Structure formats: structure tokens, C-alpha cells
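S.K.: Take a look at the following structure, please.
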């Protein structure tokens, strides 16, 4: 279990960095009226999508094997969770699932458009909201201890 926990923690840094790069790239392309290229823009967005999904899968495995996830809810009940336990058992996983759904929606929507501006806009908005949701539910106190 410790390996999965460490993988989830360290992969989070990579995922956040790539998501930030994807969002900045999309905003720059959208506002700069650039052409959406397959070589750069598509790959950055796709890499962020793939890494986000891998992180979600690792997190779901951790949720079901860790004492801080489903087992905490089963042991203490929803009413027995303090704020730190609720963050790990409820808020963090469900908010991140919503974030990954939004990122996936941004990826799917961008493929429907032919215009570069609309492609960049879709990625910027959906990936950006997903990134903000992820950042809002990171257990920062545990990350830096």
C-alpha cells in the first residue's frame, strides 16, 4: 500500500505541472489567435488527459485499499469523520472525479471543432476548471509534512 500511496503523491506533482502547462498553452493559443497544431498543442493536451486518468486510477486503488478511504467511512460512518478524514475519504476523491470528468469533456469537445480558437477555448476552460477543482481538494497539510 505504501508504494501506491507514494506513487499517487509523486505522480500528483507531474500531473499538476502538465495540467498547468496545458491550461497556459490553451489560454495562450486562444487569446493569441494561434493555430492548433497536432505536433505541440494536441500532444500537450493529450498528455495531460492521459496522466490525469492514470492519477485517477491510482487514486481509486488507494481509496479502496487505504484506511483513509472507504474503510474510514465503513469504520466511523459519515458522521464520525473529522474534517481531515472527510477530506481524504469524501471530498478529495469525489471532487477529483468531477475534475477528471471535466478534463475529459474538454478533450472530447475540442475534437468536435475545426477552428483553432474553439479548440483552445474548450481545453482552456474545461482543463482550467478541472485544475482548480484538483487544487481545491489537495490535502496540502499531508503533502508538506
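The values are calculated or read from the model by the stated rules, or taken from the named source; none is laboratory data. Bear in mind that the values here come from a model prediction, so they are computed numbers and not experimental data. Cβ: placed from backbone, ideal geometry, glycine included. Neighbour counts: every protein chain shown.
S.K.: Provide a single number: the residues in region 69-82 that are free of Cβ contacts under 8 Å to residues at least 12 places away in the same chain and in a helix (DSSP H, G or I).
M.R.: 6
S.K.: Also, I was wondering about something else. If you check residue 85 against the conditions, is it within 22 Å of residue 10 (Cα to Cα), in contact (Cβ under 8 Å) with a residue 12 or more places away in the chain, under 18 Å from the mean Cα position of the chain (by Cα) and part of a helix (DSSP H, G or I)?
M.R.: no
Condition check ((1) in a helix (DSSP H, G or I); (2) in contact with a helix residue (DSSP H, G or I) (Cβ under 6 Å, 6 or more places away or on another chain); (3) modelled with pLDDT of 90 or more) across all residues:
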residue	(1), (2), (3)
45	yes, yes, yes
52	yes, yes, yes
59	yes, yes, yes
63	yes, yes, yes
67	no, no, no
97	yes, no, yes
103	yes, yes, yes
129	yes, yes, yes
145	no, no, no
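S.K.: Testing residue 118 on (1) out of contact with any helix residue (DSSP H, G or I) (no Cβ under 6 Å at 6 or more places or on another chain); (2) assigned to a helix (DSSP H, G or I); (3) farther than 29 Å from residue 24 by Cα, one condition comes back false. Which one is that?
M.R.: The number of the failed condition is (3).
S.K.: Now for a separate question. When the residues of region 1-14 are narrowed to those that are surrounded by 12 or more Cβ atoms within 10 Å (Cβ to Cβ) and without any contact (Cβ under 8 Å) to a residue 60 or more places away in the chain, which ends up farthest from residue 109 (Cα to Cα)?
M.R.: The qualifying residue farthest from residue 109 (Cα to Cα) is 7.
S.K.: Can you pull out every residue in region 48-61 that is more than 12 Å from the chain's Cα centre (by Cα) and either free of Cβ contacts under 8 Å to residues at least 24 places away in the same chain or closer than 30 Å to residue 115 by Cα (or both)?
M.R.: Once the filter is applied, which keeps residues that are more than 12 Å from the chain's Cα centre (by Cα) and either free of Cβ contacts under 8 Å to residues at least 24 places away in the same chain or closer than 30 Å to residue 115 by Cα (or both), region 48-61 yields nothing.
S.K.: Among the residues of region 28-38, is there at least one that is part of a helix (DSSP H, G or I) and surrounded by 15 or more Cβ atoms within 10 Å (Cβ to Cβ)?
M.R.: So far as region 28-38 goes, yes, one or more of its residues are part of a helix (DSSP H, G or I) and surrounded by 15 or more Cβ atoms within 10 Å (Cβ to Cβ).
S.K.: How many residues are closer than 15 Å to residue 128 by Cβ and more than 21 Å from the chain's Cα centre (by Cα) if we restrict to region 30-46?
M.R.: 2
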